[in-house]
Amino acid sequence: MSSITADLEELNRQIKEKGDQIRQLKEDGITKEDLQPHIAELLAFKAQLPESDQPNKPQKKKTEKPKPKKKQPQKKPEDMSLSELRQARLEKVTAMKNAGVEPYEYTFNPTRTAKGLAAEYDSRLEPGEEDEQADVALAGRIMTRRVFGKLAFFSVQDETGVFQVQLDKGRLGDDFKNLKAWTDGGDIIGVQGTVRRTDKGELTVYANEWKMLTKSALPLPDKFHGLTDISKRYRSRHLDLIVNPEVRDTFRKRATITSKLRRILDDMDFLEIETPVLHAQSGGAEAKPFETFHNSMGLDLTLRIATELHLKRLIVGGYNRVYELGRIFRNEGISTRHNPEFTSVELYQAYADYNDMMDLTEHLVCSIAEDEKVCGGLTIPYGEYEVSLERPWRRVTMHDVVKEEIPDFDFAALDPEDPESVVKARAAAAGAGVPGVGDLKTVGDILNSCFEELCEPKLIQPTFVIDYPVEVSPLAKPHRSKPGLVERFELFAVGREHANSFSELTDPVDQRVRFEAQAEKKAAGDEEACDVDEDFLQALEQGMPPTGGLGIGIDRLVMLLTNSPSIRDVIAFPLLRPDQ
């Protein structure tokens, strides 16, 4: 290699190193003044190159300048696809980061809420008047943007409601340009400023400062004509909550209902004690369980279908009043009133019976309904009906309510031990249009089917249906004066069951007989029948005091008190089929 070639390679190496150094200094934010000596050194290196090796040597030959390409007009947001909108928003994230602005802030300290601000300035400030001494800070999601040159109005939503923000170049200075360039509907921002009423009388935060708290990469649903598809609302509950204030109100009321229920029971000296979710065998209700398997123990288990049997064992153990509010799991169909995972409260009170439980049910439901944060009274709307919760509620036996629909036949007059009674009951039920009674083998089962088919949908006002057949009530105490029946009630309103209660069975021998009858049904293929629970029977043989038990379906109660037509409307994330 010649010395000239070696010198040339060394010179090119120095030029490359200096160029890399200058690029790094620019990225590190060096000032132009401090950068000049480095540029001069680079130019000195380049000047030593032979003329033929100097880069970007201008050509002496004149060439025609190419005609500038016409700039493509930028699409309006309403003409963009969802992916284009997302990309445009992410480019704004990049622009903010390049400008040294954090698009995903760590904290903000709001001093007011939309609702609190409205209350604070109720009847204050005339149209056009400003409280210049105010210094308020609020945060929320931009729902709408109206930008007029050097002035903008945003509608911003927080947890409590919507407030208006006025932003203009006069107060924000150069930051107003960034506001217009970087913000979109759906972004979460914080603002600080004074309070004024516009000339039209709208209470407004007049911003001195604004801050991007979270840049939204996706537009709000109203960009695509709202969120009206019911399945999409349930599947994308976060969007449903953003765009539908009434949905947020429903779940706020649900939280109030459950906390109020707990407070009432706690004040009555009930203890809330948690019981297992995993059971070695299902029991406490007639329902098909979900099955699972414990790997390390090698144990088949089910998810609980009720909390009943464990809570009763606590009564045996010496507690007088216990309850649990929690999740129940039943492997059943899905409908407007059924979800496989639901919430209930079960409570047990020693030395009480089902009459005491009726009084307690009225007290619980009415106290919750009267709360200003729930219904604020005892007359409530539900669909096309007006429901009165004024006490006392109607109490009617199952025999009597069925007789109202089949007036020419009296189930109470039948002898449950007479085989002919089943034949007569089937004929009467079939004549009334009740389906499937041909497969039923007892008068009690037929009576219950008649009730469910003919009566239940018509019970609009709150009604206690009492004194059930023993065949459909394996855990209830025999009626003290009516053979073949048990001391049980269910509460119905707006055509559906809301609560279930017994004078609890305390006779261990009778309980075993009923468990064995259930086990026979299960062996014959009834997936909802329960097994013989030896642990519970052993506890019962130890002795359980006279006890009243009550179960209330929380989801259905919330439906009633919030005028919600479907159980999915009151469960934040209901079980859904996978989206295809």
**Q.** Count of residues meeting criterion [exposed (fewer than 13 other Cβ atoms within 10 Å of the Cβ) and either within 60 Å of the chain's Cα centre (by Cα) or in contact (Cβ under 8 Å) with a residue 40 or more places away in the chain (or both)] in region 32-50
**A.** 4
Q. So which pairs qualify, if the first residue must be in region 272-301 and on the phi > 0 side of the Ramachandran plot and open to solvent by less than 20 Å² (accessible area, probe 1.4 Å), the second must be at pLDDT 95 or above and among the hydroxyl-bearing types (Ser, Thr, Tyr), the Cβ gap must be under 8 Å, and the two must be at least 6 apart or on different chains?
A. Gly284/Thr307
**Q.** Long-range neighbours under 7 Å by Cβ, at least six apart or interchain, first residue modelled with pLDDT under 95 within region 510-538, second surrounded by fewer than 14 Cβ atoms within 10 Å (Cβ to Cβ) and assigned to a helix (DSSP H, G or I)
**A.** Val532/Glu516
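Tally time: how many residues in region 134-167 are of a type outside the set (A, V, I, L, M, F, W, C) and free of Cβ contacts under 8 Å to residues at least 24 places away in the same chain?
We begin by selecting, within region 134-167, every residue of a type outside the set (A, V, I, L, M, F, W, C); these are 135, 140-141, 144-146, 149-150, 155, 157-161, 164, 166.
This time we only want the ones that are free of Cβ contacts under 8 Å to residues at least 24 places away in the same chain, so: 146, 149, 155.
Total meeting the criteria: 3.
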Q. Looking only at region 367-384, which residues are within 16 Å of Asp267 (Cα to Cα) and either open to solvent by less than 20 Å² (accessible area, probe 1.4 Å) or β-branched (Val, Ile, Thr) (or both)?
A. Ile368
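Looking at region 475-489, which of the residues that are touching a Phe, Trp or Tyr at 6+ places or on another chain (Cβ under 7 Å) and of a type outside the set (Val, Ile, Thr) is most open to solvent (accessible area, probe 1.4 Å)? Walk me through how you get there before you give the answer.
Applying the first criterion (touching a Phe, Trp or Tyr at 6+ places or on another chain (Cβ under 7 Å)) to region 475-489 yields 475-477, 485-489.
With of a type outside the set (Val, Ile, Thr) added as a condition, the list becomes 475-477, 485, 487-489.
Values: Leu475: 10, Ala476: 0, Lys477: 64, Leu485: 18, Glu487: 4, Arg488: 23, Phe489: 0 Å².
Only one residue tops the list, namely Lys477.
Going residue by residue through region 79-102, is there one that turns out to be in a helix (DSSP H, G or I) and closer than 24 Å to Val162 by Cα?
Yes, region 79-102 has at least one match.
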Q: Identify the single condition in (1) within 30 Å of Lys373 (Cα to Cα); (2) out of contact with any Gly (no Cβ under 8 Å at 6 or more places or on another chain) that Glu534 does not satisfy, given that it satisfies every other one.
A: (1)
Q) Does region 318-325 contain any residue that is open to solvent by less than 10 Å² (accessible area, probe 1.4 Å) and over 22 Å from the mean Cα position of the chain (by Cα)? A) yes
Q | Residue match in region 262-270 (condition: without any contact (Cβ under 8 Å) to a residue 12 or more places away in the chain and either part of a loop (DSSP other than H, G, I, E, B) or within 29 Å of Ser335 (Cβ to Cβ) (or both)) | A | no
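Being open to solvent by 30 Å² or more (accessible area, probe 1.4 Å), farther than 17 Å from Tyr348 by Cβ and in a strand (DSSP E or B) narrows it down to one of Glu516, Glu497, so name that one.
Working: Glu516 fails: in a strand (DSSP E or B).
After ruling out the rest, the residue left standing is Glu497.
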Q) Can Lys180 be described as touching a strand residue (DSSP E or B) at 6+ places or on another chain (Cβ under 7 Å), open to solvent by 50 Å² or more (accessible area, probe 1.4 Å) and free of Cβ contacts under 8 Å to residues at least 60 places away in the same chain? A) yes
Q: Given the conditions (1) over 30 Å from Glu129 (Cβ atoms); (2) modelled with pLDDT under 95, report the number of the one that Ile264 does not fulfil.
A: (2)
(Q) For the condition within 24 Å of Asp467 (Cβ to Cβ), hydroxyl-bearing (Ser, Thr, Tyr) and either within 24 Å of the chain's Cα centre (by Cα) or modelled with pLDDT under 95 (or both), what is the one hit in Ser344, Ser282? (A) Ser344
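Hey, can you tell me all the residues within region 107-152 that are among the small types (Gly, Ala, Ser) and either assigned to a strand (DSSP E or B) or touching a helix residue (DSSP H, G or I) at 6+ places or on another chain (Cβ under 6 Å) (or both)? First the steps, then the outcome.
Step one: of region 107-152, the residues among the small types (Gly, Ala, Ser) are 114, 116, 118-119, 123, 128, 134, 137, 139-140, 149, 152.
Of everything in region 107-152, those that are among the small types (Gly, Ala, Ser) and either assigned to a strand (DSSP E or B) or touching a helix residue (DSSP H, G or I) at 6+ places or on another chain (Cβ under 6 Å) (or both) turn out to be Ala134, Ala137, Ala139, Gly140, Ala152.
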Q: List every residue pair whose Cβ atoms lie under 6 Å apart, where the two residues are 6 or more positions apart in sequence or sit on different chains, the first residue falls within region 369-390 and is closer than 14 Å to Ser259 by Cα and of a type in the set (Lys, Arg), and the second residue, located anywhere, is open to solvent by less than 80 Å² (accessible area, probe 1.4 Å) and not in a strand (DSSP E or B).
A: Lys373/Thr256
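Yes or no, residue by residue, for (1) of a type outside the set (Lys, Arg); (2) closer than 23 Å to Leu505 by Cα; (3) touching a strand residue (DSSP E or B) at 6+ places or on another chain (Cβ under 9 Å):
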position	(1), (2), (3)
Ile257	yes, no, no
Thr292	yes, no, yes
Asp300	yes, no, yes
His310	yes, yes, yes
Arg313	no, yes, no
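What are the residues in region 554-567 that are open to solvent by 20 Å² or more (accessible area, probe 1.4 Å) and not polar (S, T, N, Q), if any? Talk me through it step by step, then tell me what you get.
Step one: of region 554-567, the residues open to solvent by 20 Å² or more (accessible area, probe 1.4 Å) are 556, 562-563, 565.
Listed by number, the residues that qualify are Arg556, Pro565.
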**Q.** Matching residues, region 424-444, being part of a helix (DSSP H, G or I) and either open to solvent by 40 Å² or more (accessible area, probe 1.4 Å) or hydroxyl-bearing (Ser, Thr, Tyr) (or both)
**A.** Lys424, Arg426, Ala427, Ala430, Gly431, Gly438, Asp439
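The values are calculated or read from the model by the stated rules, or taken from the named source; none is laboratory data. Keep in mind that what you see is a predicted model, and the values were worked out from it rather than measured. Heads up, the Cβs are rebuilt from the backbone with ideal geometry, glycines too, and the neighbour counts pull from every protein chain shown. With ligands, DNA and RNA removed, areas are computed over all heavy atoms of the protein, side chains included. Shrake-Rupley method; radii C 1.70, N 1.55, O 1.52, S 1.80 Å.
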